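What follows is a short report on a single structure.
The values are calculated or read from the model by the stated rules, or taken from the named source; none is laboratory data. Because the structure is predicted, anything quoted here is derived from the model rather than measured. We place every Cβ from the backbone using ideal geometry, glycine too, and count neighbours over all the protein chains shown.
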Amino acid sequence: MNRFGYPDLGIGLGLRTTHYSNILGNRPPVGWFEALSENYLDTGGRPAFVLDKIAEQYPVVLHGVSMSIGGTDPLDFDYLRKLKALAKRVNARWISDHLCWTGVAGRNAHDLLPLPYDEPTLRHCIERVRIISDFLEQPLVIENPSSYVEFAQTTMSEWEFIARLANEADCGLLLDVNNIYVSAFNHSFDANEYIDAMPEDRIVQIHLAGHTNHGTHIIDTHTGHVIDEVWSLYADACRRFGDVSTMVEWDADIPEFDVVFAEALKAAAYRSDVREVACA
Amino acid sequence: MRELQTWMHDAIVAPLPPPADDVARRILPSRTLAPNERLDIYRDMYAIRMEEALEVDYPAVAALLGHHDFHHLVHAYVQRHPSTSYTLNRLGDAFSQFIAETMPRRRALYDLARLELAMTQVFDEEESPLIDANAIAAVPAESVASMRLVPIRALRLLSFDYPANDLFQRFRDDEPMRTPRRKPTWLAIHRRDYSVMRLPLESRAFAMLELIHGGATLGAAVVEFASRFDGPPRQDELFAWFRDWTAAGLFTAIEIEGT
């Protein structure tokens, strides 16, 4: 159990437009849904209606891409106000976003852009996470990024940066196991060393996803099935962190709901197997 | 940090990449990729993301233009109108105006873009309660002239130089897209049960609905209508319009001026 008391919700799925009718009509036995915050902040139409309906039936978690925790523009409190109101409306169990920056000088690239891992950047992120958590009146949950560049000015490993950020900003962590695999491939580091360095009592959630391997590098596309190596890392994470709310992301070439749901069931089986071995 | 982020952002969104030696000063190579090749991953993804976002909002414009021309239009557009919002939903707000400014002879394309912009706006508008089907008939006769019908928020009225709605329907029906002959048309775009609807109008009905949408009382709307069309609307016309518009769910309230 994490130190914040955020519950283990079991296995969840990302809430995607193409699955709305299936979910509302069939009420599948999914533990919870993760909604992309930005899709529901500025709409009074069908997305808002569907999210409210789903929040009546399932636990909902909000996952955003726009906080720009590592950004150097001022924090967007208009965005944060809307996010806080949405979280209250749907009784979001927690709110997460990414360790990244998204733009500069008021211009938004709408990407999860990488940070240099050095002391000034760490201090900057710690301060912003603290401010955001205070404003939202709950500990923010931060996701480790996938990335394709490393900066010359970096002085520490990503896992050291994230562990220190979590401890010093007193925030939770959303451990994206696929992101660890992707970045480990792109930057030639040991994914297991990364997982081992994570502070156990701050892991609130785990992400799983597919990706696209171009041979020379891997892009975190959230498409296709989770590959065996990522399942193996997930099993390692389960052994290390115990039962943690886990969610499967599938955002491109999204298949029928049953295909994505089958991936969630596979995650449940991995989790269960690890638990049984641990108890034996 | 600021300097690095400004540099990287500019390097990602610029039409041309920065010099390789400039990139190599800031970004390390991987075992398989040079620094500029690693940066190119972000540059490529930015271009794809902008194009995908605008194609979601403007699928018929993309179909009419074709992939090659749409690609170039998008990249010229985001150079002039980069996203300044936390949401990509606002990226295309100036797209139709950009088409008007940069492709002034493509008026049908401009009309189609306006139609698609209105559809995305209506999709996201706040939901409004609807008046009862008999609510207008229940207004006392002496109050009808001072009656003001309040439209739902999810309503846009558009007049076109070209049959934009027919063009959009061809896209929906997966039929070949061709620029049509010039022909003025009028359209109400609204939302009903969370679905975006397109209601074609003829010119007289559009004029009356536009006056009401602008806040005129029925009496004032009829007077203005009469000045434009050399006479007031016929009673059967008015009856049919309001019956259809109420059935379509275009009004959220009735107000009587002076009460």
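In this structure, does residue A:67 turn out to be buried (at least 21 other Cβ atoms within 10 Å of the Cβ), touching a residue at least 60 places away in the same chain (Cβ under 8 Å), of a type in the set (A, V, I, L, M) and part of a loop (DSSP other than H, G, I, E, B)? Yes, satisfied.
In the set (1) in contact (Cβ under 8 Å) with a residue 40 or more places away in the chain; (2) within 14 Å of chain A (Cβ to nearest Cβ); (3) under 30 Å from residue B:168 (Cβ atoms), the condition left unmet by residue B:13 is number (3). For residue A:252, state whether it is in a loop (DSSP other than H, G, I, E, B), under 24 Å from residue A:21 (Cβ atoms) and either at pLDDT below 95 or more than 17 Å from the chain's Cα centre (by Cα) (or both). Against the criterion (in a loop (DSSP other than H, G, I, E, B), under 24 Å from residue A:21 (Cβ atoms) and either at pLDDT below 95 or more than 17 Å from the chain's Cα centre (by Cα) (or both)), residue A:252 qualifies. Within the bounds of region B:41-48, is there any residue that is crowded, with 19+ Cβ neighbours inside 10 Å and more than 7 Å from chain A (Cβ to nearest Cβ)? Looking through region B:41-48, none of the residues is crowded, with 19+ Cβ neighbours inside 10 Å and more than 7 Å from chain A (Cβ to nearest Cβ).
Among the residues of region A:93-104, are any hydrophobic (A, V, I, L, M, F, W, C), under 27 Å from residue A:206 (Cβ atoms) and at the interface with chain B (Cβ under 10 Å from one of its Cβ atoms)? Checking region A:93-104: at least one residue is hydrophobic (A, V, I, L, M, F, W, C), under 27 Å from residue A:206 (Cβ atoms) and at the interface with chain B (Cβ under 10 Å from one of its Cβ atoms).
Taking the listed residues A:99, A:80, the one that is within 23 Å of residue A:60 (Cα to Cα) and buried (at least 22 other Cβ atoms within 10 Å of the Cβ) is A:99, with no other qualifying. Within region A:13-35, the set of residues being of a type outside the set (Lys, Arg) and either buried (at least 17 other Cβ atoms within 10 Å of the Cβ) or at the interface with chain B (Cβ under 9 Å from one of its Cβ atoms) (or both) comprises A:13, A:14, A:15, A:19, A:20, A:23, A:30, A:31, A:32, A:33, A:34, A:35. When restricted to residues that are outside any strand (DSSP E or B) and in contact (Cβ under 8 Å) with a residue 60 or more places away in the chain, region A:192-207 contains 2.
Among the candidates B:108, B:135, B:113, B:100, the residue that is surrounded by fewer than 19 Cβ atoms within 10 Å (Cβ to Cβ) and part of a helix (DSSP H, G or I) is uniquely B:100.
The condition (being within 25 Å of residue B:135 (Cβ to Cβ), assigned to a helix (DSSP H, G or I), among the aliphatic types (A, V, I, L, M) and modelled with pLDDT under 95) is satisfied by just one residue among B:211, B:238: B:238.
Among the residues making up region A:207-234, those that are out of contact with any strand residue (DSSP E or B) (no Cβ under 9 Å at 6 or more places or on another chain) and within 13 Å of chain B (Cβ to nearest Cβ) are A:214, A:215, A:216, A:217.
The residues of region B:26-40 that are part of a helix (DSSP H, G or I), at the interface with chain A (Cβ under 7 Å from one of its Cβ atoms) and among the charged types (D, E, K, R), listed by number, are B:26, B:38.
Restricting attention to region A:67-83, the residues that are closer than 13 Å to residue A:112 by Cα, out of contact with any Gly (no Cβ under 9 Å at 6 or more places or on another chain) and within 9 Å of chain B (Cβ to nearest Cβ) total 2.
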